[in-house]
Amino acid sequence: MSWNVIGCRTDYFPCHEYHEVSLISPRLQPRKYGMDSAVLEKAQLRRFKPSRSFVMKKFLAGAAMATALLASAGAHAALVNVGGVVWDTEAAAILPQEGDFLAHGGIYETAFTLGDTSSYSVTGRGLIERINYTATNLDSYCPSGCELTYTFSMVLSSVTSLGGDTAAFSFSDLVIQVWLGSAANYDGSVASASDGILWLELTARDLLTGFGTGIGTGSDTGLGSAYLDVTGGLAAAYFDTNTKLGGTDMVFSSSFQPAGFSENGVAILTGTFDLKGDSVQAVPEPASLALVGLGLVGLAGVRRRRQPGAR
Ligand SMILES: [Ca+2]
Ligand SMILES: [Ca+2]
Ligand SMILES: [Ca+2]
């Protein structure tokens, strides 16, 4: 097992050049680019052949990105890499009170029709386009070329008129599953949003609530939100902080409006998806620490048993 300086297991989830270069001096990493130190220095002193030029451009771009990342992360950067997804668990909140993790993306979801109970199970999906940033930054949070997508489902609980065309609504049984795909293949389809491994699973503590206009007509426009508990996934330990209302872990909010198309006769809504919370650098669970301890004791025992026979 090998680790780099930011605690990323290089033999398990390969660390990308983006953060390797950011934290390890380029001069210590020449072999990564198929050169030894002497060749690298020579290359820096003369015109490059096209292939080497390409390598160096890639290398310099990585270094520049890394510098920018470190500058933005500040002195207390606490980068983690969970399956290839990189973020700073001490990032400054984009807006006050939002916590150090904000994932944003677009959404597609099925509309329900009031009076048709068979439509009350609402499902949706989307791509997480950015983490802790105001513009799309999939390339920097997934530097190895992965993608985070999500799917969710919930069941209509109530619709209450607020007068005119406006109504409040609530949904029960909201579960959001965030998927880590090894390649960026999201094309808006359910299939491309639900492939990969489960990165994070979140379950609403209570109801998702919201309000809007045209609710239940297929021309729904409005906002909804819910408090969530972490209930699974590869990154679960990084988000199970209990720092939100009532000891929940994250807040989900979404806007929606007609997407202008249907799937299987069901109107589709589109809008925004935001997942906010605090994140921490996960620590090994006591059980795995104990196993490591037992392993060390076992090794010591083997050595002791061998010693009498050793000359
Ligand atoms: Ca934190
Ligand atoms: Ca995918
Ligand atoms: Ca929790």
Reduced Cα scattering model of the stretch 99-286, Debye log10 I(q)/I(0), q = 0.19 Å⁻¹: -1.34
Stretchable slack from residue 261 to residue 166, in nm (0.36 nm times residue separation minus alpha-carbon distance): 31.9 nm
Two-site FRET efficiency, residue 120 against residue 283, from Cβ-Cβ distance with R₀ of 51 Å, rounded to 0.05: 0.75
Mean shadow area of the stretch 194-252 over all directions, Cα convex hull, nm²: 5.2
Average silhouette area of the stretch 92-179, convex hull of alpha-carbon atoms, in square nanometres: 7.9
Over the stretch 145-254, volume per residue of the alpha carbon convex hull, in Å³: 107
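No value in this document is a laboratory result; all are computed from the given coordinates. Given the structure is predicted, the values throughout are model-derived calculations rather than measurements. Cβ coordinates were reconstructed from backbone atoms using ideal geometry, including for glycine residues, and neighbour counts include every protein chain displayed.
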